[in-house]
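> Just dropping this structure here.
The values are calculated or read from the model by the stated rules, or taken from the named source; none is laboratory data. Keep in mind that this is a model prediction, so the values were computed, not measured. Cβ sites come from the backbone with ideal geometry, for glycine too, and all protein chains shown count toward neighbours.
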Amino acid sequence: MKRYLIVVEKTPSGYSAYSPDLEGCVATGGTPDELERTMREAIAFHLEGLRREGYAVPEPQTYATYVEVAS
């Protein structure tokens, strides 16, 4: 099992997300739970499509961290 980073953004109508490791793989949802479910489905669909077309499945490479700055 692989773990892909997803970036979640609040939108006027709910939430959206994308994975930096999977170009073009995006999802939306009305709640954070719905977004995570739809993004999980989007990633599975994206990886299946890559395999079917004969492309390599990218290894997860991105990570997230926080930095502190004076405000």
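> Within region 1-18, which residues are outside any loop (DSSP other than H, G, I, E, B) and of a type in the set (Lys, Arg)?
Correct list: 10 only.
> Please go through region 40-53 and pick out each residue that is crowded, with 16+ Cβ neighbours inside 10 Å and under 14 Å from residue 2 (Cα atoms).
Within region 40-53, 43, 46, 47 qualify.
> Using the structure shown, decide if residue 33 is part of a loop (DSSP other than H, G, I, E, B) and not polar (S, T, N, Q).
no
> May I ask you to list pairs of residues, at least six apart or on different chains, whose Cβ atoms are under 6 Å apart, with the first in region 44-71 being on the phi < 0 side of the Ramachandran plot and the second being among the acidic types (Asp, Glu) and in a loop (DSSP other than H, G, I, E, B)?
Here the result reads 58/21; 60/21; 61/21; 62/21, each pair linking region 44-71 to a residue that is among the acidic types (Asp, Glu) and in a loop (DSSP other than H, G, I, E, B).
> Here's another thing I want to ask about it. Please work out which one of (1) crowded, with 16+ Cβ neighbours inside 10 Å; (2) outside any helix (DSSP H, G or I) is the condition residue 56 fails and give its number.
For residue 56, the exception is condition (1).
> Also, I was wondering about something else. Can you find even one residue in region 16-31 that is among the small types (Gly, Ala, Ser) and loosely packed, with under 10 Cβ neighbours inside 10 Å?
yes
> Out of (1) loosely packed, with under 10 Cβ neighbours inside 10 Å; (2) over 22 Å from residue 16 (Cβ atoms), the odd one out for residue 65 is which?
(2)
> Take residue 39 and tell me if it is free of Cβ contacts under 8 Å to residues at least 12 places away in the same chain and of a type in the set (A, V, I, L, M).
No.
> Scan region 21-71 for residues that are aromatic (Phe, Trp, Tyr) and more than 13 Å from the chain's Cα centre (by Cα) and jot them down.
55, 66
> With respect to residue 67, determine if the residue is β-branched (Val, Ile, Thr), in a loop (DSSP other than H, G, I, E, B) and either touching a helix residue (DSSP H, G or I) at 6+ places or on another chain (Cβ under 7 Å) or modelled with pLDDT of 95 or more (or both).
Yes.
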